[in-house]
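Let me begin by presenting the structure, written as structure tokens, before commenting on it.
The values are calculated or read from the model by the stated rules, or taken from the named source; none is laboratory data. The model shown is predicted, which means the values in this text are computed figures rather than measured ones. No Cβ is skipped: glycine too gets one built from the backbone with ideal geometry, and neighbour counts run over all protein chains shown.
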Amino acid sequence: MSFEVQYAVIHSFTKEANTTVLKGMVKKIKTIDVGLPAVVALVKGVNGLLGKTGNILSYGQFGDDKREGPFPSRFDAYQTANPTDASFLALSHVAVDELAKEAAEEPFATGGHILVAAYTNDGRPFFLVAMIKQRGGIQLDADYVPIEITEVDLSKVYQAARISVKRYLDVKVMAPEVVAEDKIPEDRTYLAFLGQGTHNQASGYFVTALGCTKGIGSSRATQNALDAVHTFFGRADLKPFRLEARNAVASYLEGKEKTGQNAILTELAFCATGPMKASQETVIEEFKAYLNSDLAKVPAAFAVHKGTLKKGTRIKAEMPSYSFTFERKSLGDSNNSAVFFNVKNKSITFNNLNDKTVKEIIAELALHK
């Protein structure tokens, strides 16, 4: 996998907790030499955190409510023109200015070093803004140039936002979406946020400063979760567990929807892998990473959308003279299934009907004689 850094710079600002006064700001006037191994190691390390097992991401896009500040429009101008060293540096100044301004309004914010980088990972372009702490495995010289990078983890990277540039440009040219009530909105996210904790508690000021809105709509998040189970457990070694995994996740989501609670990614992963028992421990971390990846985009926490869940867990048919709906988990291809589908005859048999339904059907048949 190729990894190439085009531009990088590190700025800083400091602020004491529980105050609104910035103690100092350092904005560099030249970019860092991206040929230095330590620079590549730092950018690569931070990027790696956004896909590392156990680190939960949230997804989003730039806001459009006229309160998003200057960063989104400046980023668009930077990408629309051919990026240069000078335009990258100017955009990085906008980022640190906005971060410092928003941090001043956040009582618990303390500031730090702000890494800004443009790079490609396996041919895909990204733009990164991250707040890093100089400690342990991250060492900078007096001019904020990385000199030793031995380990990059969440104790050293407090917040990060990564823009998928190609995805941003693709979304930019999409026509405005008008979503029917029974349809699931398109996924138009291109930002990934890394924060702290199981629920990805990305600092509000960090998200606000970059003009972002965090979150995937509940209908899209619910559908993504259902799709992720189907795809992940479609792997040859996991396929024997797919039906049980899907049913377990459906039951979990139904429970959350009924109580009005958010579904939690880590809980969802535990439910899906529960049927595996002995091998659960070896698969659950891999599944969590897949759920939260760019491929599946299941948020750290999300509200369950009732309509989407219902469509995803039930089969509905409407014919000219009749219609029916049943839960997918009831379907089988044997006579003792609750809903038996005869593949050869292309017919459905409903077993174990309740007494009320049986009586109503018998009474109706009597009228036909």
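State yes or no: is Lys30 touching a Leu at 6+ places or on another chain (Cβ under 8 Å) and part of a loop (DSSP other than H, G, I, E, B)?
yes
One line per residue, one yes/no per condition, for (1) of a type in the set (Gly, Ala, Ser); (2) over 19 Å from Ser219 (Cα atoms); (3) not assigned by TED's automatic domain parsing to the domain that holds Gly60:
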site	(1), (2), (3)
Phe270	no, yes, yes
Gly274	yes, yes, yes
Ser279	yes, yes, yes
Ala296	yes, no, yes
Pro299	no, no, yes
Thr325	no, yes, yes
Lys329	no, yes, yes
Phe341	no, yes, yes
Ile362	no, yes, yes
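If you take the residues of segment 128-145 that are modelled with pLDDT of 90 or more and under 14 Å from Gly45 (Cα atoms), which of them is surrounded by the most Cβ atoms within 10 Å (Cβ to Cβ)?
Residue satisfying both the conditions and the ranking: Ala130.
Taking segment 301-347, which residues are of a type in the set (A, V, I, L, M) and either touching a strand residue (DSSP E or B) at 6+ places or on another chain (Cβ under 8 Å) or farther than 30 Å from Asn262 by Cα (or both)?
Matches in segment 301-347: Ala301, Ala303, Val304, Ile315, Ala317, Met319, Leu331, Ala338, Val339, Val343.
Can you tell which of Pro299, Pro275 is part of a loop (DSSP other than H, G, I, E, B), touching a helix residue (DSSP H, G or I) at 6+ places or on another chain (Cβ under 8 Å) and closer than 19 Å to Ala228 by Cα?
Going through Pro299, Pro275 in turn, the sole match is Pro299.
For segment 258-272, name all the residues that are buried (at least 19 other Cβ atoms within 10 Å of the Cβ) and assigned to a helix (DSSP H, G or I).
Result: Leu265, Leu268, Ala269, Cys271, Ala272.
Taking Thr198 as the residue in question, decide whether it is under 22 Å from Val165 (Cα atoms), polar (S, T, N, Q) and modelled with pLDDT under 90.
No.
If Val43 satisfies all but one of (1) within 30 Å of Lys288 (Cβ to Cβ); (2) surrounded by fewer than 19 Cβ atoms within 10 Å (Cβ to Cβ); (3) aliphatic (A, V, I, L, M), what's the number of the condition it fails?
(2)
Just one of Ala263, Ala289 is under 14 Å from Ala221 (Cα atoms), touching a residue at least 40 places away in the same chain (Cβ under 8 Å), not acidic (Asp, Glu) and not assigned by TED's automatic domain parsing to the domain that holds Glu327; which is it?
Criteria check complete, one pass: Ala263.
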